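Step one of this worksheet: look at the structure below.
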């Protein structure tokens, strides 16, 4: 594109004509134009492109996708940090998206790394927040700390940390994260963070660990959920623990039996029939309101009401949910 613009008086066009030409471009052309100069970057930015980085998947390479540009995505390679490959999804003969087109376009910007590419993409989009970052693995020779430092600073709505990463490596990202989903055992400094939603997968958690959680929405999958643990947690909540809590879900996949009477032992409660339906706002988790059918009501010392429900889970366990009404 730079060669084309060098032979065509692009920036000498009247403002309205210039804007109309740019609006006819597709995503790769937007990006190419924005890299030519500061003036061209500001021109693209002035279009207020209504999109944002929808996902970043970190594996042996980094794949970046944008909202509203579903037929393109970007690939960044650790070995060639100055390059960003633009990939187009080509539909097959049945209309399904096929394999990526390797040769569509590779952009090169001297001195760039992943952090620079991320900042540049965000600078030309109207919404700078990243929706989803999924951390699966990075090649062994790559310095994980350098990698995370390079992308620290961007707001992240949802961060998923899989088994191959330690929370210590990802810590620079956490102050910018709203929702955290992790597969490793959490440390104390993670549990006390004020996340909008904290999800902890495939682990064992003690009562003390539950009591220091400070997120408003909590989802856990734990092998050691018991009537005693639940009873003690609810009693602590009634006395004022976990003050930010609005919703907590205990996934107990291998707990074949849960006795409601033991869970509610010593707790003054009201049983609700299944015909009793309440609507709870779970927009932070599933972007919708959910029906709470039946369950058991009980109250915290300050008068805050909660509803407890217990449902079968995958034929081998239970889901125990507590909805806190504010």
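Read the figures in this text as sums done on the coordinates, not as results from a lab. These numbers come from a predicted model, not from an experiment. Here the Cβ is made from the backbone with ideal geometry for all residues, glycine too, and neighbour counts use every protein chain on show.
Could you give the nm distance between label points at residue 289 and residue 26, where each point is 7 Å from its Cα heading toward the beta carbon?
Placing both labels 7 Å beyond Cα along the Cβ direction yields 4.2 nm.
Quick one: which of 172-183, 77-88 comes out on top by average Cβ neighbours within 10 Å, and what's the full order, highest first?
172-183, 77-88
Hey, in the GNM for the chain with a 10 angstrom Cα cutoff, which one of 263, 53, 200 fluctuates hardest?
Looking only at 263, 53, 200, the largest GNM fluctuation is found for 263.
Please report, in whole Å, how far the alpha carbons of the stretch 156-308 spread along each principal axis, starting with the longest.
That works out to 46, 30, 30 Å along the principal axes.
Rounded to the nearest 0.05, what FRET efficiency do residue 127 and residue 228 have when you use their Cβ-Cβ distance and R0 = 41 Å?
The computed FRET efficiency comes out at 0.35.
Of the beta bridges DSSP finds with both residues in the chain, what % are antiparallel, to the nearest 5?
60
Quick one: if the Förster radius is 30 Å, what FRET efficiency do residue 301 and residue 188 give, using the C-beta to C-beta distance and rounding to 0.05?
For R0 = 30 Å, the calculated efficiency reads 0.70.
Under a crude label model (7 Å from the Cα following the beta-carbon direction), how far is residue 143 from residue 257 in nanometres?
Between residue 143 and residue 257, the label points sit 5.7 nm apart.
Run the simple label-point estimate for residue 89 and residue 168 please: 7 Å along Cα→C-beta, distance reported in nm.
Distance between the two pseudo-spin positions: 3.9 nm.
Going by average Cβ density within 10 Å per residue, which order do the peptides 38-45, 105-112 take, highest to lowest?
Final packing ranking: 38-45, 105-112.
Extension gain residue 275-residue 134, at 0.36 nm per residue separation less the Cα-Cα distance, in nm?
Residue separation times 0.36 nm, minus the Cα-Cα distance, leaves 46.8 nm.
With r defined as the distance between the Cβ atoms of residue 267 and residue 178 and R0 fixed at 51 Å, what FRET efficiency is calculated, to the nearest 0.05?
0.95
Relative contact order of the chain, please, whole-number percent, based on alpha carbon pairs below 8 angstrom and at least 6 residues apart.
RCO, the chain: 9 percent.
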